[in-house]
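The structure under discussion appears below in the form of structure tokens.
The values are calculated or read from the model by the stated rules, or taken from the named source; none is laboratory data. Just so we're clear, the structure is a prediction, and the values are computed from it rather than from any experiment. Don't worry about glycine lacking a Cβ; one is built from the backbone with ideal geometry, like all the others, and counts go over all protein chains shown.
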Amino acid sequence: MIIEQLERALIGALESVGVELPEGFQAKVEASADLRFGDYQTNAAMVLAKRVRTNPRELATKVVEAMQIDDLAECSIAGPGFINFTVTMSAWGSAVSSLGKDERLGVPLASPLQTVVLDFSAPNVAKPMHVGHIRSTIIGDSLARIARFLGHTVITDNHIGDWGTQFGMIIHGWKTVLDEQALEADPVTELLRVYRTVNAQCGEDESIREICKQELVKLQGGDADNLKIWERCVELSKQGLQGIYDRLDVQFDYWYGESYYNERLAPLVDDMLEQGVARESEGAICVFFDGEAKLKDKPTIIRKADGGFLYATTDLATIDFRVEEWQADQIWYVVGAPQQLHFQQIFEATRMRGQNPSMHHVAFGSILGEDRKLMKTRSGDNVQLIDVLDEAVERAAKAIEEKNPDLSGEEKDKVASIVGLGAVKFAELSQHRMTDYVFCWDRMLALQGDTAPYLQYSCVRVRSIFSKLDEGVKLDLGELRIEADAEVHLARMLVRFGEVVPSLLDDFRPNLLANYLLELARAFHSFFEACPVLKSEGATQNTRLVLCDLTSQVLVKGLGLLGIEVPERM
Ligand code: ARG
């Protein structure tokens with residue numbers, strides 16, 4: 001990798017001019033944000049000048065003289081002591097050629113490799129899975145793909161809410177307003193109708209609220225009838241959810257929902273009392289975070305005065321399980337920002353218990369409608385995920401029909417699904433996860449713009465070059481000649497893939513990859529305009545074809561890490 005070669009040369013030069021490097025010093029070379037300052041730069045001279053009692057520019061000058069990188073890059077000094085590197089054309093040529101030979105397309109494995117449990121999606125059973133869950137599902141799935149590609153052992157676990165207070169209402173509804181036939185035909189919709197009906201009744205009638213509460217108490221006490229209803233309800237909901245995940249191509253290794261931990265809650269609370277981590281307060285068992293300034297006045301209850309356990313109790317038991325059973329080094333929770341306090345509390349409580357997996361709350365903001373308010377349907381309900389997916393595919397189908405009416409019916413459906421779902425995923429993943437983003441159909445499906453269809457179309461376009469080529473043409477990775485500006489820029493962007501992917505997990509930001517892919521596609525289109533491929537010959541044509549081929553490989557791989565497919569044609 002060019003960056004590593006530069007870093008090695010930099011260390012060598014620093015040592016040869018007599019700088020004693022501090023323990024664990026890493027010579028940091030980074031891609032320049034502004035290409036006028038070369039391809040890469042380092043601030044090493046500025047960081048180290050004090051140690052040799054000189055000023056940064058002077059040290060930079062000495063270092064540049066001592067750098068032995070004639071074939072790799074030209075160096076220059078800028079500002080207070082930055083060293084800039086402009087990579088030579090021949091070095092770009094060999095970098096592209098190594099990319100072509102590397103199955104990993106320049107992306108190194110992470111170090112150290114870890115066992116990561118990824119907790120995402122996790123909708124609540126028998127309640128609708130709404131667009132808020134789409135963020136968790138799509139971001140979580142992409143993080144799983146990225147972490148696996150970087151070599152980590154990833155365990156995806158769907159911690160569904162299958163033991164909440166909603167079951168009081170559902171059981172009462174099941175006994176009073178359920179339509180068995182409708183349940184057969186479309187379980188998810190019927191369960192939702194039952195939930196909404198009883199929810200509305202509860203809003204108006206205190207006595208119904210009381211009945212629901214009693215049903216919940218019976219369920220928790222092990223009542224056989226209620227348990228049976230609960231079981232069927234969970235089963236049916238899971239089937240419905242599975243259908244959505246299949247469409248989205250999202251996979252879970254486990255579905256250990258909240259109920260999975262029921263038996264572990266009482267012993268956990270006892271254990272925490274014994275450890276002195278929890279104590280009684282007004283009949284309830286609580287954890288007080290006296291040692292942690294930001295949680296000082298925010299204790300969390302783990303057992304209510306009536307004996308009931310809470311969301312936090314289940315999450316603590318879940319952490320125990322994941323550490324003991326799965327040897328989790330890391331646990332990532334992809335859950336909306338409103339649950340921030342909950343996660344701070346359970347992370348701190350876990351530390352107080354002496355366990356130390358590295359835990360991260362990967363939070364995200366809201367999805368807004370085009371009126372910039374929280375996205376709702378016309379009747380004021382939460383928009384359901386399944387409806388969003390259906391509409392995306394429908395709209396994509398229309399666009400494809402216009403663009404390419406020759407596709408057969410079957411292929412059209414397939415392409416519409418790939419393009420529609422890709423558009424929804426990309427709209428999500430190209431945003432910083434904390435921003436509240438506006439859900440806009442036209443924008444996310446546009447062929448020109450920062451969209452999945454634009455990237456998918458770019459891939460299709462690159463591939464079409466190869467279909468126009470004579471059968472006999474074979475790519476030669478041996479001697480590449482990168483000469484024109486547009487070639488250099490495309491080469492630079494291709495090499496950057498190996499630099500971008502490892503950085504994605506630093507702050508859990510797939511959007512950096514999404515934006516990189518857009519930049520790569522733009523670099524490709526400029527190259528394709530400036531540098532004829534089919535009309536060129538010999539070594540020039542070979543180099544250009546290699547650039548095209550790698551562009552398509554990187555686009556496909558990068559989109560794949562976002563969970564987005566590329567159609568053959570569109
Ligand atoms: N079921 C919860 C919700 O929909 C999310 C669960 C997230 N995971 C967890 N371990 N707490 O809000």
Scan of segment 159-168 for residues that are part of a helix (DSSP H, G or I) and either within 16 Å of the ligand (Cβ to nearest atom) or surrounded by fewer than 19 Cβ atoms within 10 Å (Cβ to Cβ) (or both), ordered by number:
GLN166, PHE167
Can you tell me which residue in segment 97-123 is farthest from ASP162 (Cα to Cα), limited to those that are among the hydroxyl-bearing types (Ser, Thr, Tyr) and out of contact with any strand residue (DSSP E or B) (no Cβ under 6 Å at 6 or more places or on another chain)?
SER97
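Name the residue that is surrounded by the most Cβ atoms within 10 Å (Cβ to Cβ), counting only residues in segment 1-41 that are of a type in the set (Asp, Glu) and farther than 22 Å from LEU105 by Cβ.
Within segment 1-41, the subset of a type in the set (Asp, Glu) is 4, 7, 15, 20, 23, 30, 34, 39.
Filter once more, so that each one left must be farther than 22 Å from LEU105 by Cβ: 15, 20, 23, 34.
Values: GLU15: 12, GLU20: 10, GLU23: 4, ASP34: 8.
Going through the qualifying residues, I end up with GLU15.
Based on this model, can you work out whether VAL177 counts as in contact with a Ser or Thr (Cβ under 7 Å, 6 or more places away or on another chain) and surrounded by fewer than 21 Cβ atoms within 10 Å (Cβ to Cβ)?
Working: in contact with a Ser or Thr (Cβ under 7 Å, 6 or more places away or on another chain): yes; surrounded by fewer than 21 Cβ atoms within 10 Å (Cβ to Cβ): yes.
For VAL177, the condition - in contact with a Ser or Thr (Cβ under 7 Å, 6 or more places away or on another chain) and surrounded by fewer than 21 Cβ atoms within 10 Å (Cβ to Cβ) - is met.
Just checking, does segment 370-384 include any residue being aliphatic (A, V, I, L, M) and over 21 Å from GLY420 (Cβ atoms)? It would help to see each step written out before you state the result.
So in segment 370-384, the residues aliphatic (A, V, I, L, M) come out as 374-375, 383.
If we keep only those that are over 21 Å from GLY420 (Cβ atoms) as well, we get 374.
Looking through segment 370-384, at least one residue is aliphatic (A, V, I, L, M) and over 21 Å from GLY420 (Cβ atoms).
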Looking at segment 346-395, which of its residues are under 29 Å from PHE426 (Cβ atoms) and within 13 Å of the ligand (Cβ to nearest atom)?
MET359, HIS360, HIS361, VAL362, ALA363, PHE364, ASN382, LEU385
Just to confirm my filter: which helices (runs of 4 or more DSSP H) fall fully inside segment 402-520 and include at least 1 residues that are farther than 30 Å from THR88 by Cα and among the acidic types (Asp, Glu)?
409-429, 441-445
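Pick out the one residue from LEU183, LEU241, LEU265, LEU192 that is touching a residue at least 40 places away in the same chain (Cβ under 8 Å), over 30 Å from VAL154 (Cα atoms) and within 16 Å of the ligand (Cβ to nearest atom).
Values: LEU183 fails: within 16 Å of the ligand (Cβ to nearest atom); LEU241 fails: over 30 Å from VAL154 (Cα atoms); LEU265 fails: over 30 Å from VAL154 (Cα atoms).
Step by step, each of LEU183, LEU241, LEU265, LEU192 is checked, and only LEU192 is touching a residue at least 40 places away in the same chain (Cβ under 8 Å), over 30 Å from VAL154 (Cα atoms) and within 16 Å of the ligand (Cβ to nearest atom).
Anything in segment 133-142 that is of a type outside the set (Val, Ile, Thr), within 14 Å of the ligand (Cβ to nearest atom) and at pLDDT 90 or above? List them, or say none. Break it down into steps so the answer makes sense when it comes.
We begin by selecting, within segment 133-142, every residue of a type outside the set (Val, Ile, Thr); these are 133, 135-136, 140-142.
In the following step, the residues that additionally are within 14 Å of the ligand (Cβ to nearest atom) were identified as 133, 135-136, 140.
Scanning segment 133-142 gives ARG135, SER136, GLY140.
What strands (runs of 3 or more DSSP E), lying completely within segment 33-104, carry at least 2 residues that are at pLDDT 95 or above and among the hydrophobic types (A, V, I, L, M, F, W, C)?
73-78, 82-87
Of all residues in segment 8-17 being in a helix (DSSP H, G or I) and in contact (Cβ under 8 Å) with a residue 24 or more places away in the chain, which is farthest from GLN41 (Cα to Cα)? Walk me through how you get there before you give the answer.
Of the residues in segment 8-17, the ones in a helix (DSSP H, G or I) are 8-16.
Among the residues that remain, those that are also in contact (Cβ under 8 Å) with a residue 24 or more places away in the chain are: 9-10, 12-14, 16.
Values: ALA9: 13, LEU10: 11, GLY12: 16, ALA13: 15, LEU14: 15, SER16: 20 Å.
Checked segment 8-17; the qualifying residue farthest from GLN41 (Cα to Cα) is SER16.
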Here is a check on your reading of the model: is LEU316 within 12 Å of the ligand (Cβ to nearest atom), more than 30 Å from ASP506 (Cα to Cα) and without any contact (Cβ under 8 Å) to a residue 60 or more places away in the chain?
no
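Select from segment 434-487 the residues that are of a type in the set (Lys, Arg) and either over 26 Å from VAL419 (Cβ atoms) or surrounded by 14 or more Cβ atoms within 10 Å (Cβ to Cβ) (or both) and list them in ascending order. Show your work before the answer.
Taking segment 434-487 and keeping what is of a type in the set (Lys, Arg), we get 443, 461, 463, 468, 474, 481.
Once the filter is applied, which keeps residues that are of a type in the set (Lys, Arg) and either over 26 Å from VAL419 (Cβ atoms) or surrounded by 14 or more Cβ atoms within 10 Å (Cβ to Cβ) (or both), segment 434-487 yields ARG443, ARG461, ARG463, LYS474, ARG481.
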Test for PRO108: is it touching a residue at least 12 places away in the same chain (Cβ under 8 Å), more than 27 Å from ILE244 (Cα to Cα) and either outside the structural domain of GLN239 (by TED's automatic domain parsing) or surrounded by 23 or more Cβ atoms within 10 Å (Cβ to Cβ) (or both):
yes
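PHE343 - would you say it is surrounded by 14 or more Cβ atoms within 10 Å (Cβ to Cβ), assigned to a helix (DSSP H, G or I) and within 15 Å of the ligand (Cβ to nearest atom)?
Working: surrounded by 14 or more Cβ atoms within 10 Å (Cβ to Cβ): yes; assigned to a helix (DSSP H, G or I): yes; within 15 Å of the ligand (Cβ to nearest atom): yes.
Criteria met by PHE343.
Does segment 145-158 contain any residue that is modelled with pLDDT of 95 or more, part of a helix (DSSP H, G or I) and within 13 Å of the ligand (Cβ to nearest atom)?
First, pick out the residues of segment 145-158 that are modelled with pLDDT of 95 or more: 145-158.
Next, from what is left, pick out any that are part of a helix (DSSP H, G or I): 145-149.
Narrowing further to those that are within 13 Å of the ligand (Cβ to nearest atom): none.
No, there is no match, as no residue in segment 145-158 is modelled with pLDDT of 95 or more, part of a helix (DSSP H, G or I) and within 13 Å of the ligand (Cβ to nearest atom).
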Which residues, counting only those in segment 111-132, are near the ligand (Cβ under 9 Å from one of its atoms) and either among the aromatic types (Phe, Trp, Tyr) or without any contact (Cβ under 8 Å) to a residue 60 or more places away in the chain (or both)?
PHE120, ASN124
Within segment 325-340, take every residue that is touching a residue at least 24 places away in the same chain (Cβ under 8 Å) and more than 12 Å from the ligand (Cβ to nearest atom) and give me the one that is surrounded by the most Cβ atoms within 10 Å (Cβ to Cβ).
ALA328
Please find, within segment 395-423, the residue that is surrounded by the fewest Cβ atoms within 10 Å (Cβ to Cβ) out of those that are under 23 Å from VAL556 (Cα atoms) and free of Cβ contacts under 8 Å to residues at least 24 places away in the same chain.
GLU410
